Amino acid sequence: MTKKWWMGKVAYQIWPKSFADSNGDGIGDLEGIIGKLDYLKDLGIDIIWISPVYKSPLVDQGYDISDYYDINPLFGDMDTMDRLLAEAKKRDMYIVMDLVVNHCSDEHEWFKKACADPDGEYGKYFYIAEKKDGKLPCNWRSYFGGSVWEPIPGTNKYYFHAFHKKQPDLNWENPKVREEVYKMMNWWFERGIAGFRIDAIINIKKKLPFCDYEPDRDDGMVSVVRMLEDAEGIGEFLEEMKHEIFDKYDAFTVGEVFNEKDSELREFIGENGHFSSKFDFAPEMCGKGGAWYEHETVTPEMYKNAIFDSQLRVADIGFLSNIIENHDEPRGVCRYIPEGDLSDTSKKALATVYFFLRGIPFIYQGQEIGMENCPFENIDQLDDISSKDEYKVCRDAGYSEEESMKLLRIYSRENARTPVQWSDEENAGFSTHEPWIMVNPNYKEINLAKQKDDSNSVYAFYKKMIALYKNPAYHETLTFGRFEPYQRETKNLIAYFRKGENQTLLVLANFQNEPQTVVLPEEAGNVILNNCASVDVDDDSRITLAGYQAVIIEL
Ligand code: TEU
Ligand code: CA
């Protein structure tokens, strides 16, 4: 395998609106990010992915871009962006931007021109169609609810949106659109970014011509996801993008790829794949299906199977990007640790398990201090379009307000979007002003200031993990070493090997409150990571792990 600069690096996701507010308007911004670069460097971060900061009406918090060449004034301006790039570079850190090109905002000038003249040049930048015999071109339901078709006022025409109606899909079949996108990407690389996280990319290829599918709900519609099964040929677009742009800049690219077919894995992230990496969403998808009230609670066994299956499926084909949460998911500690078992120890156990999987570890802002879901009490405390839609789906299905709010506290992506808890000062040290969204009331207990100098804190443990990962004595094995499950059938034990050329490391985590004794495959060597004060190994190479104890042993 050809070694690439990004292999063995540690990445961190910033969701700017809630990261750090520098000017006291209650909204995080670029200057706030610059102010935290030393903090991130000290933690051990190499690559920083910043969720969208482009000009945007923020209907979907920046994933609705109205100008790809400018910065949302709420977040700063282009000069500040350039300074951020320069300051990151000074610290040997890499900035990765978010590439949102399945759709733009309905306030983008392309779309305004398309609406003004749907049959003209810009009309072809989008999917615009008329009803036939009183019927829309297809019965697909958008990700955020309602039909994918929305009328263009003053005409008999409709436009297609896979997400919100203020996010019209760009027509990738039109070479002009692709040319515009590459031009813009090029412009950003020339400014000094290291790569892109590529948003919702699987959706750029539609199943055409549009057709109806069997409805999956009483509304007569079917999730737009259904068409992905039949959409063929996305690879041609992605190869073009790679050859035109990514190769030229030796970029680090990570695809937000769901639903790829097994046979496509190598094409996506193999040695010469479309992208450097793709997120492993298998744990995120665990237990999910249909509406929120139809989801199943994730058990440690389900979690283990999800990550192990992904690891085995990918093996050495390429590098997954491993996460326990992001801005679209609730906090990982609340999702993968059974309710009632949440503690600093269990948070560290989960961290150990995911961080040392083969791939690129991503940390989402606040994860390193063990931030938890937010106890929202009513729907008005939330701003997220997806949460509002899912809440409505629950209410329409007869769930009470209380039941629906309970589901929201479990599944809403707003859980990960509350301000980062820097200290126990007002507004958790995030801002001097009341933040745009509530601060999690647990900020007095969970905050960075409290954890920074406490060697037993979740934060200190993350720092330790990163240092271990980068320790030259283990870095090769932790980066390239083979993943192999150990005692996979043992309940509530999550254990695996990382096997390098001349080194074997064993990651062991006891995912329950009761102690658990495990026979080691061979005599234990050094214990190189431990989330408890001691470790109990007997003469017969049996290790007894305390509740939620996690260790890494050199064999
Ligand atoms: O997400 C795409 C996506 O398919 C989902 O994760 C989606 O967020 C979920 O189904 C809704 O709850 C990306 C971004 O990460 C997300 O924040 C944006 O809302 C979406 O694209 C549209 O740009
Ligand atoms: Ca601000």
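The values are calculated or read from the model by the stated rules, or taken from the named source; none is laboratory data. Computed from a predicted model, the values in this text were never measured in an experiment. Heads up, the Cβs are rebuilt from the backbone with ideal geometry, glycines too, and the neighbour counts pull from every protein chain shown.
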### Task
Tell me, yes or no, whether segment 163-177 has at least one residue that is at pLDDT 95 or above, within 16 Å of ligand 1 (Cβ to nearest atom) and of a type in the set (F, W, Y).
yes
### Task
Return a yes/no flag: does segment 124-139 have any residue that is at pLDDT 95 or above, touching a Phe, Trp or Tyr at 6+ places or on another chain (Cβ under 6 Å) and more than 30 Å from E214 (Cα to Cα).
no
### Message
Looking at M93 and the list (1) closer than 29 Å to R358 by Cβ; (2) among the hydrophobic types (A, V, I, L, M, F, W, C); (3) crowded, with 21+ Cβ neighbours inside 10 Å; (4) without any contact (Cβ under 8 Å) to a residue 60 or more places away in the chain, which single condition is not satisfied?
### Response
(3)
### Query
What are the residues in segment 325-346 that are closer than 12 Å to R413 by Cα and either free of Cβ contacts under 8 Å to residues at least 24 places away in the same chain or of a type in the set (G, A, S) (or both), if any?
G332
### Task
Return a yes/no flag: does segment 179-188 have any residue that is within 18 Å of I385 (Cβ to Cβ) and touching a strand residue (DSSP E or B) at 6+ places or on another chain (Cβ under 9 Å).
no
### Query
Looking at segment 446-455, is at least one residue in a loop (DSSP other than H, G, I, E, B), buried (at least 18 other Cβ atoms within 10 Å of the Cβ) and of a type in the set (A, V, I, L, M, F, W, C)?
yes
### Query
Taking segment 377-389 as the search range and keeping residues that are part of a loop (DSSP other than H, G, I, E, B) and within 16 Å of ligand 1 (Cβ to nearest atom), which one is surrounded by the fewest Cβ atoms within 10 Å (Cβ to Cβ)?
D383
### Message
Condition check: of a type in the set (V, I, T) and within 26 Å of D219 (Cα to Cα). Does V59 satisfy that?
### Response
yes
### Message
Quick check on my filter: what residues within segment 426-444 are acidic (D, E) and either under 14 Å from M371 (Cβ atoms) or without any contact (Cβ under 8 Å) to a residue 24 or more places away in the chain (or both)?
### Response
E426
### Query
Looking at R417, is it more than 16 Å from ligand 2 (Cβ to nearest atom) and not acidic (D, E)?
no
### Task
Taking T2 as the residue in question, decide whether it is more than 16 Å from ligand 1 (Cβ to nearest atom), in a helix (DSSP H, G or I) and under 27 Å from Y182 (Cα atoms).
no
### Query
Limited to segment 327-382, what total is found for residues that are over 17 Å from R417 (Cβ atoms) and of a type outside the set (F, W, Y)?
22
### Summary
Counting only residues that are under 28 Å from Q549 (Cβ atoms) and either among the basic types (K, R) or in a helix (DSSP H, G or I) (or both), segment 426-442 contains a total of 1
### Summary
Scanning segment 173-228 residue by residue, those among the aromatic types (F, W, Y) and out of contact with any Pro (no Cβ under 6 Å at 6 or more places or on another chain) turn out to be Y182, W187, W188, F189, F196, Y213
### Task
State the number of residues belonging to segment 68-82 that are surrounded by 15 or more Cβ atoms within 10 Å (Cβ to Cβ) and either within 16 Å of ligand 1 (Cβ to nearest atom) or not acidic (D, E) (or both).
8
### Query
Would you pick out the residues in segment 391-425 that are more than 22 Å from the chain's Cα centre (by Cα), part of a helix (DSSP H, G or I) and surrounded by fewer than 18 Cβ atoms within 10 Å (Cβ to Cβ)?
K392, R395, D396, E401, E402, E403, K406
## Note on the structure
Taking segment 124-164 and the residues there that are among the polar types (S, T, N, Q) and within 21 Å of K392 (Cβ to Cβ), the one that is surrounded by the most Cβ atoms within 10 Å (Cβ to Cβ) would be S142
### Query
Is it the case that R498 is among the basic types (K, R), away from ligand 1 (no atom under 16 Å from the Cβ) and either on the phi > 0 side of the Ramachandran plot or buried (at least 18 other Cβ atoms within 10 Å of the Cβ) (or both)?
yes
### Criterion: under 21 Å from F279 (Cα atoms) and of a type outside the set (V, I, T) - qualifying residue of R191, R226
R226
### Within segment 492-555, strands (runs of 3 or more DSSP E) holding 3 or more residues that are closer than 30 Å to D316 by Cα
493-499, 504-510, 527-530, 550-554
### Query
Among the residues of segment 10-51, how many are within 16 Å of ligand 1 (Cβ to nearest atom), over 16 Å from I71 (Cα atoms) and part of a loop (DSSP other than H, G, I, E, B)?
1
